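Shown next, in structure tokens, is the structure this report addresses.
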Amino acid sequence: MNLIPSKKTVHMEVCVKPSIGRLSEMEAPLKESLKKYLTFDKLPFNKTVKFVFEGDDYDILRHVDSILMESANERDFDVDNVAFHLFTLQRRPMELEMFDSEAGGDSESIPASNHWLLPSSQFMGLWENLLFEPGLKESLLKFALSALALAQHQVDPNVLACNRLLLLHGPPGTGKTSLCKALAQKLSIYTRPTFYCTHLIEINSHSLFSKWFSESGKLVMRLFAKIREIIQDSQNLVCVLIDEVESLAYARNCMSSQEPKDAMRVVNALLTQLDDIKGKANVLILATSNLAETIDLAFLDRADIKQYIGLPNELAIRNIYESMIYELKRVGILDEGQDEIFENQSMHELITSSQGMSGRSLRKLPFLALTFYDEEDNYPNQRKIRLERINSLILKYLPTVCCWNLQTPQHE
């Protein structure tokens with residue numbers, strides 16, 4: 001794995017159709033054809049596009065489904081600087097790992113984790129649709145690739161410490177969990193030459209707490225025993241996602257004497273298991289938290305990077321609205337016209353009114369506007385919805401959404 005990628009590198013993610021057969025056998029001629037194609041045609045950056053090729057010169061390109069091109073320097077494009085990342089999507093759906101517990105004489109099934117094989121169609125397009133401050137996603141990707149590269153180079157951990165543990169913390173609804181999943185998907189594509197298969201295992205933190213004394217710590221150990229089985233194959237890259245990690249790593253120094261001893265056992269079990277698997281070069285731990293101040297100090301100390309993910313700034317809010325409008329136009333719900341009206345008269349007011357909202361809440365607004373929309377608001381014989389009307393409804397019901405108090409609208 002390359003530790004220091006060039007800033008001039010153009011990354012091209014090429015999703016290949018299953019019709020190609022064994023990708024490893026067709027990879028070289030496919031890359032060569034794509035390289036020749038790029039000398040004549042240009043593709044947009046930072047946007048997944050469905051690839052449609054008509055012609056007999058490069059028949060192999062008919063196996064290409066979609067392409068995403070990304071670069072830190074789009075102006076000085078040179079086909080010789082293109083790094084091709086070819087992949088096919090995994091067909092296996094997400095699997096729910098269940099544990100059977102018979103503590104206390106009762107039998108119960110516990111949903112311990114969600115398990116995906118990557119790259120997955122469920123996460124296609126997720127990376128480019130997550131909008132944060134410029135460079136944040138790219139920095140996290142560089143961290144993950146560098147951490148894995150150090151492990152592959154067998155750097156002595158007693159000399160250079162790297163636990164390959166990333167913690168994202170911040171308010172709810174800011175995209176922390178989605179970013180972890182998108183990052184794992186990205187790694188599965190970028191590291192395919194090194195790892196044959198990538199696993200994303202999302203731990204269901206709340207489910208691992210049992211009502212039976214001492215059972216929760218045992219459940220954590222059972223889950224990590226399953227994870228270790230997958231890690232044993234060095235051709236597997238395993239991304240472990242611990243969402244709302246404060247549930248499993250609550251600060252022990254804040255526990256009162258009335259706290260159940262099982263809670264402390266869970267923290268101890270988690271830390272022990274993390275220490276046990278960090279010696280493997282093919283594992284990455286991704287954790288999220290809405291309450292970072294309640295996380296145990298020993299867990300925080302193990303995190304290589306603690307990245308704050310805050311509420312979207314003005315630029316991110318604008319980009320979120322523009323992406324939603326584009327999508328509604330793409331599927332034929334919104335009228336194609338009136339972009340200038342929206343841009344000049346309403347965008348600034350909409351952005352100002354949306355300050356302080358999470359990305360999750362912002363992305364609900366068009367749906368709520370459509371819910372409150374009345375066909376009488378449209379012009380006669382117009383099937384598509386007018387953009388300025390949707391915008392006015394969003395502005396009207398923003399206070400309602402912020403207060404989480406939906407009321408039946410009164411039509412103007």
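For the charge dipole of the stretch 113-308, defined by +1 on Lys and Arg C-beta atoms and -1 on Asp and Glu C-beta atoms about the Cα centroid, which residue among Q235, T177, Y190 has the Cα displaced farthest towards the positive pole?
Toward the positive end, the furthest listed residue is Q235.
When every alpha-carbon pair in the stretch 4-99 is counted, what percent end up more than 18 Å apart?
On the way: 2238 of 4560 pairs.
The answer is 49 percent, as a whole percent.
Could you work out the helix-only [θ] at 222 nm for the chain, with each DSSP H run of four or more residues adding -39,500 (n - 2.57) and the total divided by the number of residues, to the nearest 500 deg cm²/dmol?
Values: 12 runs with 143 residues, N = 412.
So the calculated ellipticity at 222 nm is -11000 deg cm²/dmol.
Mind telling me which of E322, E229, E215 comes out most flexible in a GNM of the chain, alpha-carbon contacts under 10 Å?
For the chain, modelled as a Gaussian network with Cα springs under 10 Å, the answer is E229.
What accessible area per residue, rounded to a whole number of Å², is obtained for the chain using a probe radius of 1.4 Å? Spell out each step's value before the answer.
Working: 21520 Å² over 412 residues.
Accessible surface, normalised per residue, equals 52 Å².
Let me spell out the model: positive unit charges on the Cβ of Lys and Arg, negative unit charges on the Cβ of Asp and Glu, origin at the Cα centre of the chain. What dipole size does that give, in debye rounded to 20? Walk me through the numbers on the way to the answer.
Values: 44 positive and 55 negative charges, 145 e Å.
In debye, rounded to 20, the chain gives about 700.
Taking Cα centroids, how far is the stretch 15-56 from the stretch 125-201 in Å?
26 Å
Using a 1.4 Å probe on the protein heavy atoms, what percent of the accessible area of the chain belongs to carbon and sulfur? Numbers along the way, then the final one.
Numbers: 10680 of 21520 Å².
Answer for the chain is 50 percent, counting heavy atoms of protein chains only.
Can you tell me the Rg and the Dmax, both Å, for the Cα atoms in the chain?
That works out to 24.2, 75 Å for Rg and Dmax.
For the stretch 240-334, state which trypsin sites (Lys or Arg not before Pro) are in a DSSP loop and have at most 13 other beta carbons lying within 10 Å of their beta carbon.
Values: sites: R252, K261, R265, K278, K280, R302, K306, R318, K329, R330; in loops: K278, K280.
Here no loop site has a sparse enough neighbourhood.
With all protein chains present and a 1.4 Å probe, how do K186, K396 order by accessible area, largest first? Show your work: numbers first, answer last.
Values: K186 5, K396 75 Å².
From most accessible down to least: K396, K186.
Given the protein chains as shown and a 1.4 Å probe, how many square angstrom of R222 are accessible, to the nearest 10?
My reading of the accessible area for R222 is about 100 Å².
Along the charge dipole of the chain, pointing to its positive end and built from +1/-1 on Cβ of Lys, Arg, Asp and Glu, which listed residue (S354, A112, N290) has its Cα farthest out?
A112
Sorting check: for 163-169, 193-199, 70-76, which peptide has the highest mean count of neighbouring beta carbons within 10 Å, and how do the rest follow? Please report the intermediate quantities before stating the final value.
Numbers: 163-169: 22.6, 193-199: 17.6, 70-76: 13.1.
Order by mean packing, descending: 163-169, 193-199, 70-76.
Which length gain, in nm to one decimal place, applies between T294 and Q154 when the Cα-Cα distance is subtracted from 0.36 nm times their residue separation? Mind dumping the intermediate values first?
Working: separation 140, 0.36 × 140 = 50.40 nm, distance 3.39 nm.
Difference between extended and current length: 47.0 nm.
If I build a Gaussian network model for the chain, linking alpha-carbon pairs within less than 10 angstrom, which residue out of A316, A182, A287 has the largest mean-square fluctuation?
Maximum among the listed residues: A316.
DSSP beta bridges in the stretch 1-156, what fraction antiparallel, as a percent rounded to 5?
On the way: 16 of 24 bridges.
If I count the DSSP bridges inside the stretch 1-156, around 65 percent turn out antiparallel.
Mark the label point 7 Å from the Cα of Y326 along Cα→Cβ and return the residues of the stretch 69-94 whose backbone N is within less than 14 Å of it.
Residues passing the 14 Å test: 69-70.
Have a look at H206, G21, N253 and report the one farthest towards the positive end of the charge dipole of the chain, computed about the Cα centre with Cβ charges (Lys/Arg +1, Asp/Glu -1).
Positive-most Cα among the choices belongs to N253.
Write down the percent of antiparallel bridges among all DSSP beta bridges whose residues are both part of the chain, to the nearest 5. Display every interim value, and only then the final one.
Numbers: 23 of 53 bridges.
Roughly 45 percent of the beta bridges in the chain run antiparallel, per DSSP.
The values are calculated or read from the model by the stated rules, or taken from the named source; none is laboratory data. The structure displayed is predicted, hence computed values, not measured ones. Positions of Cβ are generated from backbone atoms using ideal geometry, with glycine treated the same way; all protein chains shown enter the neighbour counts. With ligands, DNA and RNA removed, areas are computed over all heavy atoms of the protein, side chains included. Shrake-Rupley method; radii C 1.70, N 1.55, O 1.52, S 1.80 Å.
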